[in-house]
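Participant: Shown below is the structure under consideration.
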Ligand SMILES: Cc1ncc(COP(=O)(O)O)c(C=O)c1O
């Protein structure tokens, strides 16, 4: 090898080493550029989607409450107190002093949280006693807690039903029931809202399957209408079906002692499975549950994915819900007070010329038809210190826009009357009333 060969070889070797050393930096910068391009592309897609929502007039903005939940609240950017008519705080237990005290006590005694799912290291004595209390309240064999009722609905159908089975669902069921059913492999039938002839036709079709489960909301939250559970149970008995009811908008306040739609309609012994929430009438924190036959609850503990793979309910939440149930089991005066105020609102509004959908449920949708009218009237109500929300398409069908008013046991009669007066004033202003 001559000196020249050696220099050329050395130089080649040097460049090769340098190239290899540079390669990662070069690759990284290209990678980074690709990464930035991907993020820019994502931003473009997201902006487009958001623009679409704004253009469709379906943008949901959130008002910021700066006080506790209750009939009288403070809202960021609005001076003075606001009368709140749009929470699911049907019994006013979200800020009940005994409920708050029970939450504080559970927090002190059992800590902030479990840092675990139930079956690993996340079951405390209070979880077991709340489950037993829920089962007792609903007069069922057993109950299982979930982080939310959305989770209870997401967990139930997949754990229970196989491809041999069928589920028959009301077309207006809550999104969480629809999603829960999507996750299961059973045959799916959707019947028209509250339409018993259609349900019967679908039950006939579904005779070929092993199990048939009829799934319905007890009370439907957009219209305040109630499932005809007596007819559903009758059809279920004729066609060998099980009945599942989501009682989120019924537990604690429908029926003579607030047990729910099944108590209201006298079919507690015929509804096999109930799912409900702790996040509305029962203290309003969060959490959900399934209550029903013992073996079903045992199976859910083994198979329901939101139960197996999500953290235990925090002790404070358990403490609050447990106290809420105690209050309801001790007396039904809160339930009766809510019913009386609901009646007062419905009667006065109808006398003033408004159409209120549903019957005797504390969800009182003031039907207006036009989306813009509903939204403008809700804004003008807020200017008068009344917090209500307008709902329009796609949350409700086109042409059926409304302002949904929700009555609570802790509204005073004066609160109700002030709300009605404001509606009359705003209704006249917008020519929704003569
Ligand atoms: C009928 C119905 N089912 C289920 C849910 C979900 O309940 P949670 O808030 O406990 O997840 C809701 C809540 O809006 C509901 O209205």
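Participant: Please state which one of 172, 156, 145, 183 is within 13 Å of the ligand (Cβ to nearest atom), surrounded by fewer than 24 Cβ atoms within 10 Å (Cβ to Cβ) and over 12 Å from the mean Cα position of the chain (by Cα).
Facilitator: On the way: 156 fails: surrounded by fewer than 24 Cβ atoms within 10 Å (Cβ to Cβ); 145 fails: surrounded by fewer than 24 Cβ atoms within 10 Å (Cβ to Cβ); 183 fails: within 13 Å of the ligand (Cβ to nearest atom).
Going through 172, 156, 145, 183 in turn, the sole match is 172.
Participant: Please count how many residues of region 364-407 are within 22 Å of the chain's Cα centre (by Cα), part of a loop (DSSP other than H, G, I, E, B) and within 20 Å of residue 80 (Cβ to Cβ). Give the derivation first.
Facilitator: Taking region 364-407 as the starting set, the residues that turn out to be within 22 Å of the chain's Cα centre (by Cα) are 364-366, 387-397, 400-407.
Still in the running and part of a loop (DSSP other than H, G, I, E, B): 388, 392-397, 400, 407.
From the residues that got through so far, the ones that are within 20 Å of residue 80 (Cβ to Cβ) too are 388.
Result for region 364-407: 1.
Participant: Here are some conditions: (1) surrounded by fewer than 23 Cβ atoms within 10 Å (Cβ to Cβ); (2) within 27 Å of the chain's Cα centre (by Cα). Residue 351 meets all but one. Which one does it not meet?
Facilitator: Against the list (1) surrounded by fewer than 23 Cβ atoms within 10 Å (Cβ to Cβ); (2) within 27 Å of the chain's Cα centre (by Cα), residue 351 comes up short only on (2).
Participant: Filter region 217-231 for residues that are within 16 Å of the ligand (Cβ to nearest atom) and either more than 26 Å from residue 403 (Cα to Cα) or in a loop (DSSP other than H, G, I, E, B) (or both) and give the result. Even if it seems obvious, please write down each step before you answer.
Facilitator: So the first thing to find is which residues in region 217-231 are within 16 Å of the ligand (Cβ to nearest atom), and the list is 217-227, 229.
Residues satisfying the conditions are 218, 221, 222, 223, 224, 227, 229.
Readers should treat all values here as calculations from the given coordinates under stated rules, not as data from a laboratory. Since we're looking at a predicted model, the values are computed, not measured. With ideal geometry, Cβ positions are generated from the backbone for all residues, glycine too; neighbour counts draw on all protein chains shown.
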